[in-house]
Amino acid sequence: AKMAAAASDLLTGWCLFGLALLAILIFCWVYVRKYQSRRESEVISTITAIFALAVALITSALLPVDIFLVSYMKNQNGTFKVWADANVSRQIEDTVLYGYYTLYSIILFCVFLWIPFVYFYYEEKEEDDGNTCSQIKTALRYTLGFITICAVLLLIGAFVPLDIPNKKNSTEWEKVKLLFEEFGSSHGLTALSFSISSLTVIGMLAAITYTAYGMSALPLNLIKGTTSAAYERLENTEDIEEVEQHLLRIKSKCRDGRPLSSRDRRTLQQLEERLRTLRRRERHLESIEKSWWTKFCEAIRPLKIVWGVFFIIVALLFTVSLFLSNLDKALHSAGFDSGFIILGTNLTNPLNMLLPVLQRVFPLDYILITTIVMYFIFTSMAGIRNMGIWFFWIRLYKIRRGKTRPQALLFLCMILLLIVLHTSYMIYSLAPQYVMYGSQKYLVQVRCIFLLRLNILYPKICCLQMVLKSGLFSDQCIVTRTYLFLHKFWFFSAAYYFGNWAFIAVFLIGLIVSCCKGKKSVIEGEVDDDDSDMSDDELSIYYH
């Protein structure tokens, strides 16, 4: 019966995993096809973008699954379930750890080999349409630099010392290090963890840039909506008439055969380019005004406002919780040398208060964690879409519907892969004890005076501070595999701590900017001066 129950649970889990995987692949295909340029689409770049985006979403789903599995092995009274003996629990832990190994290795493969190779191959193909072998050789030569960086990170991770500088009152920290040694002794974990943590720091910078802005821009754009297509057409028609009159005035100067001055020629050229752009806007606005999609969006306008209000509430909940968690670390952590690790929660935050309440009704707590993770991913997409892809002050690519270049899609997917790596630490910052142990409870002996002074077993919620004091380690409270990757190196944890403050600051700045900005144009970012007339046909597909 025990084996049948375990097999039934395993079969159900695999079915749900298969359905989730199918849904992720369909979403990735639709998303990539929606934004990629029809004229410049390539099979290799399309497959690479879909695969990388799917890996990012699947990896983001590991955290809720990890928390669920360690919690599912125990009952609410603190005892292990009948089927969850030592061997079964160890197998589950190993399976989750192998899942992390596999997905994180795939991320390393994508970031350091596959995506750079496809990017450089496509760049060489644009510059030289000649021999394919020479294009592959050139792409491999550039990709070799990324492979070298990956090898160096793995070597450093394999041999870097993990000792923390000694302090006078380091007894608790010594227990934490003992906890790491107890759980983190698997082969190759250190090297892989160092490489992933290095990428996570880059993902932290991407999250500060794109996700923090997307968390403010996405909800407010949904609430404010866009301007009317008919109103924009009227304004655009007036602009066309004004430019045409200006052109006639300049051209009238040369009717008697006199040449135009250099200043007039420059003005004439600028006005002709401006007129071409306005006429392209006219065609797009006309298509949008007549499309069924515009009418559908107008019909669901109240629903968009509701979603916008919901998203801004989630964003504020996220930011307030992150602020209180970081403030708690600043006041009560073991300091910089320990990576600002905190053994207990002294300043509670809204998310920490909400999760224990939701744990009473299965599976509300897992739904909340999954919602926050997916919200983090989709706001990152919104931030990249609104801002474009930048290298410091240089704008490299724009993300536009039906007109995004293959290189931009590859950059988009790489940035999302890096942001996903940082997502786990962001969630840990919000609810550290929950991410470590989920809803697990352990049994402690309590002396009851009223029952003839007998010792009874009483369940308590697992937390790091109680586990260290009780010396339970992995016997009663099973730590999630996510935690092993998050706190293997104290200096990365210190970097994440300061990154959280930067994230909060950028979110507040983005919120102020988004509030001050007016409504977006109905064709925001889809018609630019550097577009060709051929690009009009690509975008018109989405409006008919």
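Among what's in segment 401-423 and is part of a loop (DSSP other than H, G, I, E, B) and in contact with a helix residue (DSSP H, G or I) (Cβ under 7 Å, 6 or more places away or on another chain), pick the residue that is surrounded by the most Cβ atoms within 10 Å (Cβ to Cβ). So, considering only residues that are part of a loop (DSSP other than H, G, I, E, B) and in contact with a helix residue (DSSP H, G or I) (Cβ under 7 Å, 6 or more places away or on another chain), the one surrounded by the most Cβ atoms within 10 Å (Cβ to Cβ) is K403.
Among the residues of segment 342-362, at least one is in a loop (DSSP other than H, G, I, E, B), hydrophobic (A, V, I, L, M, F, W, C), open to solvent by less than 20 Å² (accessible area, probe 1.4 Å) and modelled with pLDDT under 75. When the test is whether a residue is surrounded by fewer than 17 Cβ atoms within 10 Å (Cβ to Cβ), modelled with pLDDT of 75 or more and closer than 30 Å to R401 by Cα, M374 passes it. Applying the criterion of being within 30 Å of Q270 (Cβ to Cβ) and among the aliphatic types (A, V, I, L, M) to the residues of segment 195-242, the residue that is most open to solvent (accessible area, probe 1.4 Å) is L234. Only a single criterion out of (1) among the β-branched types (V, I, T); (2) open to solvent by 60 Å² or more (accessible area, probe 1.4 Å); (3) more than 37 Å from the chain's Cα centre (by Cα) is not satisfied by V306, namely (3). Screening S333 against (1) surrounded by 16 or more Cβ atoms within 10 Å (Cβ to Cβ); (2) within 20 Å of L218 (Cα to Cα) leaves a single unmet condition, (2). Of the residues screened, V118 is one that is within 26 Å of R401 (Cα to Cα), in contact with a helix residue (DSSP H, G or I) (Cβ under 8 Å, 6 or more places away or on another chain) and open to solvent by less than 40 Å² (accessible area, probe 1.4 Å).
Within segment 267-319, being among the hydroxyl-bearing types (S, T, Y) and in a helix (DSSP H, G or I) holds for T267, T277, S287, T294, T319. Of all residue pairs spaced 6 or more apart or on separate chains, those with beta-carbon atoms under 8 Å, a first member in segment 229-250 that is assigned to a helix (DSSP H, G or I) and a second member that is among the hydroxyl-bearing types (S, T, Y) are A229/T294; E232/S521; I250/T267. Checked across segment 293-300, the condition of being of a type in the set (D, E, K, R), closer than 30 Å to I240 by Cβ and modelled with pLDDT under 85 holds for at least one residue.
The values are calculated or read from the model by the stated rules, or taken from the named source; none is laboratory data. Model, not experiment: these values are computed from the prediction. All Cβ positions, glycine included, derive from the backbone under ideal geometry; neighbour counts span all protein chains shown. Surface areas here come from the heavy atoms of the whole protein model, side chains and all, with no ligands, DNA or RNA. Shrake-Rupley method; radii C 1.70, N 1.55, O 1.52, S 1.80 Å.
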